[in-house]
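Only one structure is covered here, and it is reproduced in the block below.
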């Protein structure tokens, strides 16, 4: 059985620039900058004029997996630097009024279920914007993975293992992901 060589081509759109310093690929656009580390010996990655071309050498199953993973990462990077990604979270407090605030890359949740000690989460990324407006929290970034990681960290901040979420609904929950309604 002869394996086919696979090729995937991307046209870099207007308003997006690509800098290549192997293995780092930096995409820049109006919403920010996303850098990807694409270092795989079984794939060839070439930038030609205004195109980025990915190709596998042998076309095996493993190479296909890696190729299509890289394809998704590059699509997300191009989309992110053009439009950005937005996650929305909702603060649900039925028993005790929660106070949520953001200061200097940290989010603080006070009075969660009457607790005296506030819950604090520090953000490890500086390029992610987090805003609190009443009972809504918005997380916005050019990098989809970073925005999702910060949103998940905020949701896990008020997690209570051993309690049924359908009954004890106090906490912070993701209501809208990038491209999906929950």
| said: If I model a spin label as a point 7 Å beyond the Cα along the Cα-Cβ vector, how far apart are those points for residue 133 and residue 82 in nm? | reply: 2.5 nm
| Which percent of Cα pairs goes in each bin when the distances of region 85-181 are cut into 5 angstrom slices starting at zero? | 3, 14, 26, 26, 18, 10, 4, 0
| Relative contact order (percent) for the chain, with alpha-carbon contacts under 8 angstrom and 6 or more residues of separation? | 20 percent
| task | With runs of 4+ DSSP H residues as the only contributors, calculate the mean residue ellipticity of the chain at 222 nm using -39,500 (n - 2.57) per run, divided by the residue total and rounded to the nearest 500. | result | -7000 deg cm²/dmol
| message | Sorting check: for 82-92, 11-21, which peptide has the highest mean count of neighbouring beta carbons within 10 Å, and how do the rest follow? | response | 82-92, 11-21
| message | Among 160-170, 39-49, 140-150, how do they line up by average Cβ neighbours within 10 Å per residue, starting with the highest? | response | 140-150, 39-49, 160-170
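Please report, in whole Å³, the volume per residue of the convex hull around the C-alpha atoms of region 29-75.
Per-residue hull volume (Cα only) is 78 Å³.
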| said: Give me the mean projected area, in nm² to one decimal, of the convex hull enclosing the Cα positions of the chain. | reply: 13.9 nm²
| task | Within 10 Å, count the other beta carbons around each residue, average over each peptide in 64-70, 51-57, and list them highest first. | result | 51-57, 64-70
| request: Using only the alpha carbons, work out the radius of gyration and Dmax of region 118-170 in angstrom. | output: 12.7, 36
| message | Nearest 10 degrees is fine. How inclined is helix 61-83 to the longest principal axis of the chain, computing both from alpha carbons? | response | 60 degrees
| For helix 144-157, what angle does its Cα long axis make with the longest principal axis of the chain, in degrees from 0 to 90 and rounded to 10? | 20 degrees
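Each value in this text was obtained by applying a stated rule to the coordinates, not by laboratory testing. A quick note: this is a predicted structure, and the numbers were derived from the prediction, not measured. Glycine also receives a Cβ, built like all others from the backbone with ideal geometry; neighbour counts cover every protein chain displayed.
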